[in-house]
Each structure stands twice: as structure tokens, then as C-alpha cells.
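Let me begin by presenting the structure, written as C-alpha cells, before commenting on it.
The values are calculated or read from the model by the stated rules, or taken from the named source; none is laboratory data. Quantities reported herein were computed from a predicted structural model and do not represent experimental measurements. Cβ coordinates were reconstructed from backbone atoms using ideal geometry, including for glycine residues, and neighbour counts include every protein chain displayed. Side chains included, ligands, DNA and RNA excluded: accessible areas come from the protein's heavy atoms. Shrake-Rupley method; radii C 1.70, N 1.55, O 1.52, S 1.80 Å.
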Amino acid sequence: MRFTINGRDVETAFDPRVSLLDLLRDHLDLTGTKKGCNQGACGACTVLVDGERINSCLALAVQYQGRAITTVEGLEADGVLHDLQRAFIEHDGFQCGYCTPGQLCSAIGMVAETRRGMPSVVTADLAADTVTLDHDELRERMSGNLCRCGAYNGIVDAIAATYAGEAA
Ligand code: FES
Ligand code: FES
């Protein structure tokens, strides 16, 4: 089966019942993506597929053949961290770091959703063409990513600082 992961074509054979998370971690040694609950409740396993965030623990790998998959290992370019990764460091957006890969991928997908005008449960005007990523929107949209260390304030600050033009 063929995949495109972090810009590279990968061909591998595995049991078709394997989840995307287990494919990444156990078959391809991409262990940046973390397994927390393994049942869709914590967001630790979040990766991007064609730019959209998904919980990889709930996804069968075979579904994603031919799609562009991005994990935390694919966020940097030529050894330079993504702006959001640097902001997490500058704003103390983590303690143990276990949730961080999922937080990063989720935030990038979340910002793309917001740019497309996708409303959330706290969006006041569902007909608006644009959504301002204010404090409540940001927290609501990231609520699927849990942090047992409680680094939420730093996480929110890092996202807000990175996307300052659209986050308030
Ligand atoms: Fe996938 Fe928790 S490990 S949501
Ligand atoms: Fe430890 Fe989030 S930094 S779980």
C-alpha cells in the first residue's frame, strides 16, 4: 500500500486492520504522533490529512492511501521549526510534551478551518463569511486536545501569538 507522508512516498505492507496511528508509530517509526486514549477522546494522535486534522487512532490506515499525511515530524522544513513550534517553546506551551504533537497539528488544522469560515459551537453569526479567532473560539476549537499537565494557557498564548493577525 502506498502513502505520502511528510512529502515522501512510502510503500509498505501491513494488516488492513491497522489504524493510521499504529501504521505511523509501529510500522514507519514516526513516533512523534502519540497514543493517549486510543479511542478518540484526547487528541494526542492528531495528524493532518490533506490539511485537515483527524484523530489517527480512529482511522484505518488503508483509507488514507494516496492522501497527503503530515505528522509532527513534517512540520519543520530543512531543520527550521514551524513558527507554531517556536511559539510553543517561547510561551511555555508544554510541560511533559506528550500532547504537544497533537496540539501542534490540531492548531494548524484548526486555523485552516477558521480561515474557511467554518463555524464552531460558540460562533455568534453562523452566516458570516469570516470568523475571528478570538479567545473563546480558540479554546472551543482546541477543546478536543487534552493536556494532562494543564499547559493550556501557554498553548493558547502560543497559537494566538503565531496567528496574531487572525487571533484576538
Ligand atoms: Fe487518538 Fe486519544 S489517542 S484521540
Ligand atoms: Fe504534558 Fe500536555 S504537556 S500532557
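Ignoring ligands, DNA and RNA, what percent of the accessible area of the chain is carbon or sulfur (1.4 Å)?
48 percent
First select every other residue whose beta carbon is under 13 angstrom from the beta carbon of HIS91; then total the charges, Lys and Arg +1, Asp and Glu -1.
So the environment of HIS91 carries a net charge of -3.
As a test of the formula, what do you get for the chain when each DSSP H run with n ≥ 4 contributes -39,500 (n - 2.57) and the sum is divided by the residue count, at 222 nm and rounded to the nearest 500 deg cm²/dmol?
One gets -7500 deg cm²/dmol as the mean residue ellipticity at 222 nm.
With every protein chain kept in the model, how would you rank ILE89, ILE69 by accessible area, 1.4 Å probe, largest at the top?
ILE89, ILE69
What accessible area per residue comes out for the chain, rounded to a whole number of Å², with a 1.4 Å probe?
52 Å²
Keeping all protein chains in position, work out how much accessible area MET142 exposes to a 1.4 Å probe, and write it in Å² to the nearest 10.
Estimated to the nearest 10 Å², MET142 gives 20 Å².
Just to verify a number: what accessible area does TYR98 come out at with the full protein assembly present, 1.4 Å probe, Å² rounded to tens?
100 Å²
Given points 7 Å out from each Cα along the Cα-Cβ axis, report the GLN95 to ARG148 separation in nanometres with one decimal.
Calculated label separation equals 1.1 nm.
Multiply the residue separation of ASP129 and THR12 by 0.36 nm, subtract the distance between their alpha-carbon atoms, and state the gained length in nm to one decimal.
Fully extending the segment from ASP129 to THR12 adds 37.9 nm.
Measure out, as a whole number of angstrom, how far apart the alpha-carbon centroids of segment 98-120 and segment 30-66 sit.
If we compute the Cα centre of each part, the gap is 13 Å.
Ranked from the most accessible area to the least, with a 1.4 Å probe and all protein chains present, what is the order of PHE14, PHE94?
Largest accessible area first, the list is PHE94, PHE14.
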